[in-house]
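Student: Sharing a structure here in structure tokens format.
The values are calculated or read from the model by the stated rules, or taken from the named source; none is laboratory data. Since the model is a prediction, treat every value here as computed from it, not as a measurement. FYI the Cβ positions are ideal-geometry reconstructions off the backbone, even for glycines, and counts take in every protein chain you see.
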Amino acid sequence: MRVPFIFSIMFLAAACCLGQAGPGSEKHVLATQIFENSRRAKSWLDERGVLGQLTLVNDWSSSFRSGTDSVHSFNRYSLDLLVGFDAQKALGWKGSSGLVRVKHHLGEHGGDYVGDAQGFSNIDSSSKTYLYELWLQQTLWKNRVRFKAGKIDANSDFATVKIAADFLNSSMGYSPTILSFPTYPEPRPGLAVFLQPGHYQLGAGLLRTAQRENMWIVEAGREWRLSVNELPGRSSFGTWRISGPVKCFDGDELNTTRGYYLVAEQALWKNARAEKGSEQTLSMFLQYGSANAEISPFTRHLGGGAVLESPFAMRPNDAIGFGITSVRFTDVDEAGFERDHEVAAEIYYRVSLTRFLSLVPDFQFIRNPGGARSNDAFVFTPRVTLSF
């Protein structure tokens with residue numbers, strides 16, 4: 001499983017060499033030609049309403065537990081091919097668009113080594129190649145109304161934490177208390193409608209879960225800007241319900257179960273660097289979730305963090321993030337949890353090496369991984385992302 005990691009390091013080394021090449025070198029000429037040809041191809045497709053993106057993400061992790069000398073290293077990668085379609089450009093259908101997305105995942109699952117419940121790497125999955133998303137959407141009345149239907153990644157529209165996009169822990173992206181949420185690694189068919197009158201938003205969806213149950217989800221939100229610097233902020237409240245029969249840990253069944261979640265994001269400070277053409281921004285996020293202890297392994301979730309964009313004048317595209325996410329496990333005996341909670345603290349630094357390549361060294365400390373009576377875990381993951 002080390003082959004994908006070796007390829008990623010080769011991409012990394014090549015990009016660094018090209019970045020260091022002088023203006024008159026052959027490397028510089030080759031890089032310029034590749035970029036120019038890619039730009040022309042994208043421009044030609046964009047004029048015809050087609051937008052394509054290819055992304056390779058490689059996570060190589062090394063973990064160890066406190067009080068032991070045992071160290072585990074493992075690797076996995078995810079290849080993501082996305083093709084968007086703008087029907088207005090291609091066919092003249094105003095407000096219509098669609099997307100086809102295929103994923104290929106290969107490698108070892110980090111949870112098999114660390115045993116955590118929240119998922120310290122948000123690309124962990126079983127090895128497979130599959131159709132990830134396929135949907136169409138239509139906007140009306142100057143984008144105030146939007147309809148979406150097909151195979152949908154629900155986290156693209158519901159329970160989204162925009163500031164937390166670079167964190168690796170899955171619970172930073174959405175609350176794990178949302179039971180059977182149809183998102184990565186396996187979105188499901190669904191349909192949704194969204195209203196956006198001014199700074200307010202309202203979304204509602206009927207989604208299919210992996211257990212072939214029906215999930216109703218409704219989310220209301222609001223956006224704003226604070227102070228003379230117009231610092232952007234947003235909040236959202238969502239509630240979900242799964243129609244049964246839904247199995248409980250003790251073997252009984254319920255006709256339905258429900259829960260709710262909260263998300264808040266706010267930019268706290270920003271500093272424009274006129275001479276560098278960049279903006280330094282400090283933002284924070286908070287999230288909370290709740291679910292039924294008879295059915296869900298996670299009964300409560302509380303998380304939050306902060307991200308500093310453009311931390312140094314010489315590194316305008318870099319970012320630093322720190323966050324903590326904590327879940328409380330159900331106390332039902334049949335669930336099998338020995339501890340009542342798990343806490344993960346994460347810190348990362350995103351290094352933008354080129355326009356297409358980034359490196360994210362990420363460190364996580366996990367308290368009570370998986371709710372087991374075992375030693376705490378430490379995980380180091382350098383993530384390499386190539387996207388063009």
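Student: Please enumerate the residues belonging to the stretch 308-345 that are aliphatic (A, V, I, L, M) and either under 17 Å from SER283 (Cα atoms) or surrounded by 14 or more Cβ atoms within 10 Å (Cβ to Cβ) (or both).
Tutor: Selection gives LEU308, ALA319, ILE320, ILE324, VAL327, VAL332, ALA335, VAL343, ALA344, ALA345.
Student: Could you check the stretch 116-129 and list, in sequence order, the residues that are surrounded by 14 or more Cβ atoms within 10 Å (Cβ to Cβ) and not aliphatic (A, V, I, L, M)?
Tutor: Once the filter is applied, which keeps residues that are surrounded by 14 or more Cβ atoms within 10 Å (Cβ to Cβ) and not aliphatic (A, V, I, L, M), the stretch 116-129 yields ASP116, GLN118, GLY119, PHE120, SER121, ASN122, ASP124, SER125.
Student: Here's something else I'd like to know. Of the conditions (1) surrounded by fewer than 20 Cβ atoms within 10 Å (Cβ to Cβ); (2) under 26 Å from VAL360 (Cα atoms), LEU191 fails just one. Which one is it?
Tutor: Failing condition for LEU191: (2).
Student: Taking into account only those residues within the stretch 292-340 that are farther than 28 Å from PHE249 by Cα and more than 21 Å from the chain's Cα centre (by Cα), which is modelled with the lowest pLDDT?
Tutor: Ranking the qualifying residues of the stretch 292-340, first place goes to ALA313.
Student: Something else now. Are any residues in the stretch 244-254 assigned to a strand (DSSP E or B) and either charged (D, E, K, R) or at pLDDT 90 or above (or both), and if so, which ones?
Tutor: The answer is LYS247, GLU253.
Student: Residue by residue through the stretch 346-384, note down the ones that are small (Gly, Ala, Ser), buried (at least 18 other Cβ atoms within 10 Å of the Cβ) and over 16 Å from ASP166 (Cα atoms).
Tutor: Listed by number, the residues that qualify are GLY370, GLY371, ALA377.
Student: If I filter the stretch 47-88 down to residues being outside any strand (DSSP E or B) and either touching a Phe, Trp or Tyr at 6+ places or on another chain (Cβ under 7 Å) or not acidic (Asp, Glu) (or both), which single residue comes out as nearest to GLU108 (Cα to Cα)?
Tutor: SER70
Student: Here's another thing I want to ask about it. How many residues are in a helix (DSSP H, G or I), surrounded by fewer than 20 Cβ atoms within 10 Å (Cβ to Cβ) and among the small types (Gly, Ala, Ser) if we restrict to the stretch 145-182?
Tutor: Going through the stretch 145-182 one residue at a time, the tally reaches 1.
Student: Next question. Here are the criteria: (1) more than 17 Å from the chain's Cα centre (by Cα); (2) surrounded by fewer than 18 Cβ atoms within 10 Å (Cβ to Cβ); (3) at pLDDT below 95. Tell me which single one SER387 does not satisfy.
Tutor: (1)
Student: Next question. Would the stretch 223-239 turn up any residue that is more than 19 Å from ALA149 (Cα to Cα), at pLDDT 95 or above, acidic (Asp, Glu) and over 19 Å from the mean Cα position of the chain (by Cα)?
Tutor: Yes, there is a match, as at least one residue in the stretch 223-239 is more than 19 Å from ALA149 (Cα to Cα), at pLDDT 95 or above, acidic (Asp, Glu) and over 19 Å from the mean Cα position of the chain (by Cα).
Student: Taking the stretch 89-115 only, how many residues are in a loop (DSSP other than H, G, I, E, B) and within 18 Å of the chain's Cα centre (by Cα)?
Tutor: 2
Student: Still on this model: Output the residue which, of all residues in the stretch 56-93 that are free of Cβ contacts under 8 Å to residues at least 60 places away in the same chain and acidic (Asp, Glu), is surrounded by the fewest Cβ atoms within 10 Å (Cβ to Cβ).
Tutor: ASP69
Student: Can you give me the number of residues within the stretch 356-377 that are outside any strand (DSSP E or B) and free of Cβ contacts under 8 Å to residues at least 60 places away in the same chain?
Tutor: Adding up the residues that qualify gives 2.
Student: Check off (1) of a type outside the set (S, T, N, Q); (2) more than 23 Å from LEU286 (Cα to Cα); (3) more than 21 Å from the chain's Cα centre (by Cα) for ALA210 and give me the number that stays unchecked.
Tutor: Condition (3) is where ALA210 drops out.
Student: Also, I was wondering about something else. Name the residues in the stretch 191-235 that are at positive phi and not charged (D, E, K, R), would you?
Tutor: If the condition is that a residue be at positive phi and not charged (D, E, K, R), then GLY198, SER227 are the ones that fit.
Student: Anything in the stretch 134-171 that is touching a residue at least 24 places away in the same chain (Cβ under 8 Å) and of a type in the set (D, E, K, R)? List them, or say none.
Tutor: If the condition is that a residue be touching a residue at least 24 places away in the same chain (Cβ under 8 Å) and of a type in the set (D, E, K, R), then ARG144, ARG146, LYS148, LYS151, ASP153, ASP157, LYS162, ASP166 are the ones that fit.
Student: Right, something else. Could you pull out the residue among GLN20, GLN33, GLN53 that is surrounded by fewer than 14 Cβ atoms within 10 Å (Cβ to Cβ), among the polar types (S, T, N, Q) and at pLDDT 80 or above?
Tutor: GLN53
Student: Of a type outside the set (Lys, Arg), touching a Phe, Trp or Tyr at 6+ places or on another chain (Cβ under 7 Å) and closer than 27 Å to ASP80 by Cα: which single residue out of VAL351, VAL379, VAL327 fits that description?
Tutor: Only one candidate qualifies: VAL379.
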